[in-house]
Amino acid sequence: MDGSAELEAAERVVMRWDSTSASDEPMLFDGARAEAERFLRAVDDLRRLAPPSPAAVGSPRRLSSGSSSVSAGGGGGAATAVQVAMARLEDEFRHVLSSRALDLEIEALADLGGSLSISSDRSNSASSAELQVVDEDDSVSSLVGRRSSYRSLPSIREIDLLPDDAVSDLRAIASRMAAAGYGRECAQVYASVRKPAVDASLRRLGVERLSIGDVQRLEWKALEAKIRRWIRAARAAVRGVFASERRLCFLIFHDLPISNITVTAAAPATHDTPFAEAVKGAALQLFGFAEAISIGRRSPEKLFKIIDLHDALSDLLPDVSDIFAASKVAESIYVQAAEIRSRLADAVRGILSEFENAVLRDPPKTAVPGGTVHPLTRYVMNYSSLISDYKVTLSELIVSRPSASARLAAEGNELAPSLAELDLPEPDNQTPLAAHIIWIIVVLEHNLEGKASLYRDMALSHLFLMNNVYYIVHKVKDSPDLWNLIGDDYLKRLTGKFTMAATNYQRSAWLKILNCLRDEGLHVSGGFSTGISKSALRERFRSFNAAFEEAHRVQSGWCVPDTQLREELRISISEKLVPAYRSFLGRFRHHIENGKHPELYIKYSAEDLEIAVNDFFEGVPPSPHIRRRSHS
């Protein structure tokens, strides 16, 4: 058969499938494979045999349906047949892409929300080294089985979005359309079909369509839950949905001449363009949530969720780079993700600074009842423990030490003059993060000293400091990471402050009572003998009883919340008080018992005092009378 006859035969095959002639005709690729292959060969013959036509070759536009009839022999008829073929292939491409798509298993993708190390099966991928532009005699299934060198990280899970035979059909169609100059139409069809599918997948993963304003208007508790869901959804979206879309686009369009498409002047279209157009909107929506968080109002309670968000994005960036950064038209998505991570890092640094200032600015207000641990102490130390839990990330983000003088000058805080004199320990091997945590505790201590001054009773003031410093010390000891950050030297300083506060409490609370049990002032001398002043002795017993009863009444209402510390403090008091009282009784009780109404002066035994001390620091009012053992 000569060339003219071959051309006419090809035109006849193509024109039988003119999309404009009937609306209910079957689709080529739904029927017998032989007919589809015959059509593709006819398209190849048209391109090979038809003379170039300025109106058709290289043009991305179809002729109107009115010119679709075949001209008698010659280039005009061939050009029309090419246009008909392209219209048919476009319809077939859309139909195969939409009708044969596999249902994406969102449940399987949800597993990507956690840690993942899954290697995809690449046996059906197409290789950038091995896959060439499809020759004109390639069969519909010739691409199946070719191995891909398309790079994918172990964390990525590529899921088949269409069966292998459907991918091969799409590749065969796309290669003919691109070779004929219809790459734009093919890419546009691809994006128009896959974009809604990508959007639907993200919706099923729980990604909401929220504007930056919507995100920033949410209450923090609601936002916390959304951040947790977003982290899981983002991992599944990037490592599953976007990666699978990238692979599908690669298999269909890799190395095809679609450079006639222009997305922007700076970014001419490549085989990645259909992928970028399909996923860009969903990707921008996905990362827009993290962007809204990164530029939102900074407050201390947000720190740890923002670190979670930063870490999740950092973990995803290599995958985002693998999927997007290699493509000129899609790299803006990677650039945006990297910029958001940088803003999240800035937010973390800003929030930590805001937290330090919040501790600094917390006003004394009113004293907490009973000298117990202040809510600020609990909050700051729990916060510091959490900071230490995130030390890996924070050690990377916190690169400068706190500057006390600069911060105080900026704050104009009333505590500034005394805070400026604080000695902030700076060992040679101390990290900036450790310096910030120590600074936070130093500021907390100073704030607590201001709060201690609210108590009129000096003993209670010291007890308050003792409770709070003890709490700080034990929070440090209970957190190995926190202990490691602040170091043994600073912990020893804290322990020393606790010991000093406990000593000051005992001195303030018990010195006056113990002084009642001294011998000074009881002896009188006259003539040739020395004796005891019974009136002075009776007054001494009365003073002791009154002082101890007052201590029992008051200090039973004071609070030492730590069980071990409370018991140790009671033992310490008893060890000083009970032996001193027992000795005093032993020396002087017979002087009282030989007089009138001894029960008015000797009201308690040593054992009674020991029992009474067990009422101390419970934080509740005592019974009206001290419990006493029966005396024989």
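The values are calculated or read from the model by the stated rules, or taken from the named source; none is laboratory data. All values derive from a computational prediction rather than experimental measurement. Neighbour counts are summed over all protein chains in view; Cβ atoms, including those assigned to glycine, are modelled from backbone coordinates with ideal geometry. Remember, those area values only see protein heavy atoms, side chains included, never the ligands or the DNA or RNA. Shrake-Rupley method; radii C 1.70, N 1.55, O 1.52, S 1.80 Å.
A few notes on this one:
- Within the accessible area of the stretch 488-606, the carbon and sulfur atoms contribute 54%, probe 1.4 Å, all protein chains present.
- Three-way shape label, the stretch 534-627, alpha-carbon gyration tensor, a/c 1.5: prolate
- The stretch 455-589: Rg to Rh, with Rh as the Kirkwood radius over Cα pairs: 1.15
- With DNA, RNA and ligands ignored, accessible area of Arg229 (1.4 Å probe; Å², nearest 10): 100
- Extension gain for Asn594-Arg228 works out to 123.8 nm (0.36 nm per residue, less the C-alpha to C-alpha distance).
- Cα-Cα over 18 Å, subset of Lys221/Lys305; Lys302/Lys475; Lys226/Lys280; Lys226/Lys305: Lys302/Lys475; Lys226/Lys280
- Aspartates and glutamates whose Cα lies under 18 Å from that of Lys497, excluding same-chain neighbours fewer than 8 positions away: Glu421, Asp423, Glu445, Glu449, Asp488, Asp489, Asp562, Glu568
- Under 5 Å, built H, 5+ apart or other chain: amide partners of Ile532: Val524
- The Cα center of the stretch 339-386 and the Cα center of the stretch 170-225 differ in position by 41 Å.
- Arg16 accessible area, 1.4 Å probe, all protein chains in place, Å² to nearest 10: 140
- About the Cα centre, charge dipole magnitude for the stretch 546-619 (Lys/Arg +1, Asp/Glu -1 at Cβ), debye: 400
- With all protein chains modelled, accessible area of Arg540 [1.4 Å, Å²]: 40
- Under the Karplus curve 6.51 cos²θ - 1.76 cosθ + 1.60, θ = phi - 60°, whole-Hz ³J(HN,Hα) for the stretch 207-215, x wherever Gly or Pro sits: 6, 8, 8, 10, 7, 4, x, 4, 5
- Taking a ≥ b ≥ c as the square roots of the eigenvalues of the Cα gyration tensor, the stretch 192-313 is classed as prolate, since a/c reaches at least 1.5 and a/b is larger than b/c.
- Surface accessible to a 1.4 Å probe, per residue, for the residues of the stretch 534-627, Å²: 50
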